[in-house]
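Only one structure is covered here, and it is reproduced in the block below.
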Amino acid sequence: MRISSFVLPICSVLLGIAGFFLRLSELANVFDSVTGLPERNALITIIMLGLTVAVLVAAIVFAIRTCLKYTALEGFDNVFGTDSSLFPVAFTLIGLVWIGATIAHYFGLNSSGNMPTTELIFVIISALSGISLIFFAIEMYKNPRRKMIFALSLIPALFMCYWLIMLYRENASNHVLLSYAYKCLAIISGTLGFYFSSGFVYAKSPIGKALISYVASIYFCIVTLADNHPLTVKLIFGSIIAINVLYSSMLISNLQSKQQMGDFAE
């Protein structure tokens, strides 16, 4: 495995941690405790925006440079190197955490027995996403050509899309965009990460788009952990962070140099 395969996810995590502490400071000092309105042109908010832009620009530059020099073999199992025990074991553990957090979330919301239908659907799809991660990893490890893998790869992306719709419904009348912007970006980048990862299952090779999505998802999910979310929701975000760390590292470690591939073809 190339040393560089660790650099991108580690840098993404470190930048996310920096954003996490900036976000904590922003929530504590920028928002009015009575009205909930943020202070206009607050320095911490400007620094936070600057860090976010820098992370996204760096991710785009890295992705472009990577696409110019490297390519990927066809097939999800070749792109991510799923022939080792790391893939099924790691994703099974992440899936179990995701499922456990979802079950706890259900009991927390349904303590009074009056869970809204939207939340019930959220819980069901979230649980299916955790289950799909486990079966996807096992089936990909055993037989990457089985048709059920195609459907399993899309379930987490569909869940993230539903989560985004829920976020919009909850904040349709909220004019303080800054209060939920980073959660929105975390869900969007997480959706794209799952979507582009499934693209490799469908014989597509969105290397650059996938790398940008992984970096953005890691960064924004860590940042939004600073917001006032239930522990169960934070555990789901944590699962998404872990998935993107693994995906980014495994993808980079299995990239093939275009020059070497050209020499081999000759």
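The values are calculated or read from the model by the stated rules, or taken from the named source; none is laboratory data. Computed from a prediction, not measured in an experiment: that's the story for all the values here. For neighbour counting, all protein chains shown are included, and Cβ atoms are generated from backbone atoms with ideal geometry for every residue, glycine included.
Tell me, which residue of segment 133-148 that is farther than 16 Å from LEU235 by Cα and crowded, with 21+ Cβ neighbours inside 10 Å is modelled with the lowest pLDDT?
MET140
Six or more apart or on different chains, Cβ atoms under 8 Å: show the pairs whose first residue is in segment 223-241 and touching a residue at least 12 places away in the same chain (Cβ under 8 Å) and whose second is among the basic types (Lys, Arg).
VAL223/ARG23; THR224/ARG23; THR224/LYS183; LEU225/LYS234; ALA226/ARG23; ASP227/ARG23; ASP227/LYS183; HIS229/LYS183
If we keep just the residues of segment 77-108 that are closer than 24 Å to VAL13 by Cβ and of a type in the set (Phe, Trp, Tyr), which is modelled with the highest pLDDT?
Step by step, filter segment 77-108, then rank; the result is TRP98.
Quick one: ASN114 ticks every box in (1) out of contact with any Leu (no Cβ under 9 Å at 6 or more places or on another chain); (2) part of a helix (DSSP H, G or I); (3) not β-branched (Val, Ile, Thr) except a single one, so which number is it?
All conditions are met except number (2).
Scan segment 42-64 and report the pairs whose first residue is without any contact (Cβ under 8 Å) to a residue 60 or more places away in the chain and whose second residue is of a type outside the set (A, V, I, L, M), with Cβ atoms within less than 6 Å and a gap of 6+ or a chain change.
ILE44/SER25; ILE44/GLU26; MET48/GLU26; LEU51/GLY19
Here are some residues: GLY100, GLY50, GLY81. Which one is touching a Gly at 6+ places or on another chain (Cβ under 9 Å) and more than 18 Å from ILE218 (Cβ to Cβ)?
Within the list GLY100, GLY50, GLY81, the selection yields GLY100.
With surrounded by 15 or more Cβ atoms within 10 Å (Cβ to Cβ), more than 18 Å from the chain's Cα centre (by Cα), among the polar types (S, T, N, Q) and closer than 29 Å to CYS184 by Cβ as the only criterion, which of THR66, THR118 stands out?
Working: THR118 fails: surrounded by 15 or more Cβ atoms within 10 Å (Cβ to Cβ).
Every option except THR66 fails the conditions.
With exposed (fewer than 14 other Cβ atoms within 10 Å of the Cβ), in a helix (DSSP H, G or I) and modelled with pLDDT of 95 or more as the only criterion, which of VAL13, VAL57 stands out?
Within the list VAL13, VAL57, the selection yields VAL57.
Of all residues in segment 1-21, count the ones that are without any contact (Cβ under 8 Å) to a residue 60 or more places away in the chain and either over 30 Å from ASN254 (Cα atoms) or of a type in the set (D, E, K, R) (or both).
Selection size over segment 1-21: 0.
Just the residues that are of a type in the set (A, V, I, L, M, F, W, C), under 18 Å from MET160 (Cα atoms) and touching a helix residue (DSSP H, G or I) at 6+ places or on another chain (Cβ under 6 Å), please, taken from segment 64-121.
PHE91, ILE94, VAL97, TRP98, ILE99, ALA101
Within 17 Å of ASN228 (Cβ to Cβ) and exposed (fewer than 15 other Cβ atoms within 10 Å of the Cβ): does that describe SER25?
So SER25 fails the test.
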